[in-house]
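As structure tokens, the structure follows; a few thoughts come after it.
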Amino acid sequence: MKKRSKTIRNKGRTRTISETSAGAVVFCIENNGIEVLALVQNNDRGEEWFDMPKGHVEKGETLVQAANREIREEIGLPLPLDTNFQEENVYTLANRDVKNRHYTRINKRVVFFLAFMHKNERKQIVLSPEHKRYYFMPIEEAVKRSRFENQRQLLKDAKAYITEKYLT
């Protein structure tokens, strides 16, 4: 007798939602070089990765207000935003609830600004519980260590902008 694998069919239980988030590439100038803040967190499988402060735009908030709130919530500091730099990342996530055989497709839009941090503010960071730790790294290293192409491009664009505006 042949064994047959059981196929779970999606019987109209897929829903699509759209979400908008806002955040910032937090940077500081160190010895004429650009360093960016890396927030470390885990995914569901325990894998570690770095990210930047960002989160959902709440009802009635502007993108700038949401980015400011997320920075305060995630690192405990209010930082000035450079809103002349604004870059949007768009991607799709899939979320599967195996127990209920429910699938959700999330169309995600994240708008990033820049947030300048003085080097003496580094010791004042108070992380939110969603992050394990933080560190600063040269922006070139952050580009190399990014998991996604849109994040690499964001950091490359941020580097070009910061170099032109803050280092020349």
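The values are calculated or read from the model by the stated rules, or taken from the named source; none is laboratory data. Predicted model, so just to flag it, every value in this text is computed and none were measured. Note: ideal-geometry Cβ built from the backbone for every residue, glycine included; neighbour counts use all protein chains shown.
Read through the list (1) touching a Gly at 6+ places or on another chain (Cβ under 6 Å); (2) assigned to a strand (DSSP E or B), then give the number of the only condition that Glu70 fails.
Going through the list (1) touching a Gly at 6+ places or on another chain (Cβ under 6 Å); (2) assigned to a strand (DSSP E or B), Glu70 breaks only (2).
Filtering segment 67-86 down to residues that are more than 23 Å from Lys165 (Cβ to Cβ) and touching a residue at least 24 places away in the same chain (Cβ under 8 Å), which residue is surrounded by the most Cβ atoms within 10 Å (Cβ to Cβ)?
We begin by selecting, within segment 67-86, every residue more than 23 Å from Lys165 (Cβ to Cβ); these are 69, 72-74, 76.
Among the residues that remain, those that are also touching a residue at least 24 places away in the same chain (Cβ under 8 Å) are: 73-74, 76.
Working: Glu73: 12, Glu74: 26, Gly76: 12.
Among those residues, the one meeting the criterion is Glu74.
Of everything in segment 99-128 that's modelled with pLDDT under 90 and part of a loop (DSSP other than H, G, I, E, B), which residue is surrounded by the fewest Cβ atoms within 10 Å (Cβ to Cβ)?
Per the criteria, the residue is Lys99.
All but one of (1) out of contact with any helix residue (DSSP H, G or I) (no Cβ under 8 Å at 6 or more places or on another chain); (2) in contact (Cβ under 8 Å) with a residue 12 or more places away in the chain; (3) under 18 Å from Ile106 (Cα atoms) hold for Tyr91; state the number of the condition that does not hold.
Exception for Tyr91: condition (1).
Considering segment 129-151 alone, what residues qualify as being in a helix (DSSP H, G or I), of a type in the set (Asp, Glu) and under 14 Å from the mean Cα position of the chain (by Cα)?
Let us first name the residues in segment 129-151 that are in a helix (DSSP H, G or I), namely 139-145, 149-151.
Those left that are additionally of a type in the set (Asp, Glu): 140-141, 149.
Hit for segment 129-151 is Glu149, nothing else.
Among what's in segment 1-31 and is modelled with pLDDT of 95 or more and of a type in the set (Ser, Thr, Tyr), pick the residue that is farthest from Ile139 (Cα to Cα).
If we take residues in segment 1-31 being modelled with pLDDT of 95 or more and of a type in the set (Ser, Thr, Tyr), then Thr20 is farthest from Ile139 (Cα to Cα).
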